[in-house]
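J.: Following this message is one structure expressed as structure tokens.
The values are calculated or read from the model by the stated rules, or taken from the named source; none is laboratory data. These figures come from a predicted structure and were not determined experimentally. Here the Cβ positions follow ideal geometry from the backbone for every residue, glycine too, while neighbour counts run over all protein chains shown.
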Amino acid sequence: KRLSEILSIQDLRSVSHSKMDQMAREYYDGGAGDGVTLKDNEAAYDRFIIRPRYLRDVSQCDPSTSLLDHPLTMPLGIAAAAMMKLAHPDGESAVARAAADFGSVVCLSTFSTTSLEDVHKAATTTTSMSGKRPCFLQLYIFQNRETTIKMLNRAMKAGYDAIALTIDSPYIGRRYNEVRNHFKLPSHLKLGNFEENSGVKVGGENLMEDIESKSRKQPDRYDPSLEWDKDIQWLRSVCGNMQIWLKGILTAEDAELALHHGVDGIIVSNHGGRQLDHVPSTLEALPEVVDVIRGRIPVHVDGGIRRGSDVFKAICLGADLCWVGRPILWGLAVAGQDGVRRALDILLEEFELTMKLAGCTHVKQLSRRMLAKRDAMGY
Ligand code: FNR
């Protein structure tokens, strides 16, 4: 199939399936437990209907926004996903180049298969957008704090604007496919941000590996003892000028604590349904977070976004920006940088058309009044 024949993210998903082996495909598409949250992330978008307004001159439409004073073509970013070279040999650099040319923002995973320096270069070098591009680094804090400090120092030196600390993963969620497929990084690939002998355990690790590793070097894992009071302050002391965002907030209570601890932004996320199963879909968690934050810091959301109208709905419910994970991985698997660009273009065309057909010409006009909940209307 030619890229121009791929019309939707669903098309991209089906074509990507023939491009990956079972281990990679199931690692990308799968979630934790029975996949209740995984499915609900997408299904939640279908529970909201759009209330369009007409006769409002939609001949001009501006879907753009900004992030950290950088212009973005639309309120869309590329979520952190580990090991992108499993999808395509060009991996993270291809994704970063596509994002820069499109005018998006990348959040690089701690477990990238390309070094954070190389990705920063690719993510901030572009011919089509003027000015500097923003760049985020997703962070896990390891039990060996030196591992984390080393990585942060590299990120500061490379010029990252912000780190997104993932707070939903004191342990890895229970993912059956990873256990069944003996998921591990193929031997021809390397982690880009760690020395070979660092002892760092790859995210997406499974029980088999846990058992095997007992006989090997003591692994360096995520630190499960993290706490609001001591660790956010610690992180601040080792992050220099980089902003600190928290990724994985799902409740008003934690949003309040994040604000209280002075973080720079929040990402409402359930890790794409890969951590605790049966937590709320992110679209449903979003309003309670937006309501306690009341515009004091930005609130972003990720999970289940597959169409431009999904972006529209999330923005209507108060998100400042949506991050997408799997659609980018599917695009990457299908055609490297061009496939990622296709995913971004599809989402842009759909978002802009949704805005116009709903009677909006600027992202600032999107509001809760433009949506209704199906149940509330007795459907
Ligand atoms: C992820 N995600 C993720 N998050 C994170 O903080 N660190 C990571 O290393 C990864 N790795 C990762 C791998 C894969 C294969 C997927 C699909 C996801 C979660 C990611 O950042 C994001 O929260 C979700 O992907 C959003 O959901 P959608 O857009 O994939 O539905």
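J.: Of all residues in the range 140-179, how many are of a type outside the set (Lys, Arg) and part of a helix (DSSP H, G or I)? Don't jump to the end; show me each part of the working.
T.: At the first step, the residues of the range 140-179 found to be of a type outside the set (Lys, Arg) are 140-144, 146-149, 151-153, 155-156, 158-173, 176-179.
Of the ones still in play, those that are also part of a helix (DSSP H, G or I) are 146-149, 151-153, 155-156, 158, 176-179.
Residues flagged as of a type outside the set (Lys, Arg) and part of a helix (DSSP H, G or I) within the range 140-179 amount to 14.
J.: Let me ask something else about it. When the residues of the range 94-133 are filtered to those that are among the hydroxyl-bearing types (Ser, Thr, Tyr) and at pLDDT 95 or above, which remaining residue is nearest to the chain's Cα centre (by Cα)? Break it down stepwise before answering.
T.: Step one: of the range 94-133, the residues among the hydroxyl-bearing types (Ser, Thr, Tyr) are 104, 109-110, 112-115, 124-128, 130.
Then drop every residue that is not at pLDDT 95 or above, which leaves 104, 109-110, 112-115.
Values: Ser104: 12, Ser109: 9, Thr110: 12, Ser112: 13, Thr113: 17, Thr114: 17, Ser115: 18 Å.
The residue in question is Ser109.
J.: Something else about it: When both residues are 6+ apart or on different chains and their Cβ atoms are under 9 Å apart, which pairs have a first residue that lies in the range 156-182 and is farther than 13 Å from Cys107 by Cα and within 13 Å of the ligand (Cβ to nearest atom), and a second that is assigned to a strand (DSSP E or B) and β-branched (Val, Ile, Thr)?
T.: Ile167/Ile249; Asp168/Ile249
Residue-wise test of (1) farther than 28 Å from Gln138 by Cβ; (2) within 16 Å of the ligand (Cβ to nearest atom).
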position: Ile328; (1), (2): no, yes
position: Ala333; (1), (2): no, yes
position: Ala343; (1), (2): no, yes
position: Ile346; (1), (2): no, yes
position: Met355; (1), (2): yes, no
position: Gly359; (1), (2): yes, no
position: Val363; (1), (2): no, no
position: Leu366; (1), (2): no, no
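J.: Right, His188: touching a helix residue (DSSP H, G or I) at 6+ places or on another chain (Cβ under 6 Å), more than 12 Å from the ligand (Cβ to nearest atom) and not in a helix (DSSP H, G or I) or not?
T.: On the way: touching a helix residue (DSSP H, G or I) at 6+ places or on another chain (Cβ under 6 Å): no; more than 12 Å from the ligand (Cβ to nearest atom): yes; not in a helix (DSSP H, G or I): yes.
No: the conditions fail for His188.
J.: Could you list all residues from the range 94-134 that are touching an Asp or Glu at 6+ places or on another chain (Cβ under 6 Å), within 16 Å of the ligand (Cβ to nearest atom) and part of a loop (DSSP other than H, G, I, E, B)? Steps first, please.
T.: Pass one, the range 94-134, residues touching an Asp or Glu at 6+ places or on another chain (Cβ under 6 Å): 112, 114, 119, 126, 128, 134.
Subsequent filtering for residues that are within 16 Å of the ligand (Cβ to nearest atom) retains 112, 114, 119.
Within the range 94-134, Ser112, Thr114 meet the criteria.
J.: Of the numbered conditions (1) farther than 30 Å from Ala343 by Cβ; (2) at pLDDT 95 or above; (3) surrounded by fewer than 17 Cβ atoms within 10 Å (Cβ to Cβ), Pro287 satisfies every one except a single condition; which is it?
T.: Of the numbered conditions (1) farther than 30 Å from Ala343 by Cβ; (2) at pLDDT 95 or above; (3) surrounded by fewer than 17 Cβ atoms within 10 Å (Cβ to Cβ), the odd one out for Pro287 is (1).
J.: When you scan the range 166-174, do you find a residue that is modelled with pLDDT of 95 or more, in contact with a Leu (Cβ under 6 Å, 6 or more places away or on another chain), farther than 21 Å from Glu26 by Cβ and of a type outside the set (Phe, Trp, Tyr), even just one?
T.: Within the range 166-174, one or more residues are modelled with pLDDT of 95 or more, in contact with a Leu (Cβ under 6 Å, 6 or more places away or on another chain), farther than 21 Å from Glu26 by Cβ and of a type outside the set (Phe, Trp, Tyr).
J.: For the range 70-86, which positions are more than 9 Å from the ligand (Cβ to nearest atom) and part of a loop (DSSP other than H, G, I, E, B)?
T.: Thr73, Met74, Pro75
J.: What pairs come up if the first residue lies in the range 56-77 and is more than 16 Å from Ile267 (Cβ to Cβ), the second is of a type in the set (S, T, N, Q) and part of a strand (DSSP E or B), and their beta carbons are under 6 Å apart, counting only those six or more places apart or on different chains?
T.: No pair meets every condition.
J.: Ok, one more. In the range 275-314, how many residues are assigned to a helix (DSSP H, G or I), more than 18 Å from Arg326 (Cα to Cα) and not aliphatic (A, V, I, L, M)?
T.: As a first pass, look at the range 275-314 and keep what is assigned to a helix (DSSP H, G or I): 282-293, 308-314.
If we keep only those that are more than 18 Å from Arg326 (Cα to Cα) too, we end up with 284-293, 312-313.
Those still in the list that are not aliphatic (A, V, I, L, M) too: 284, 287-288, 291, 312-313.
Residues that pass the stated criteria total 6.
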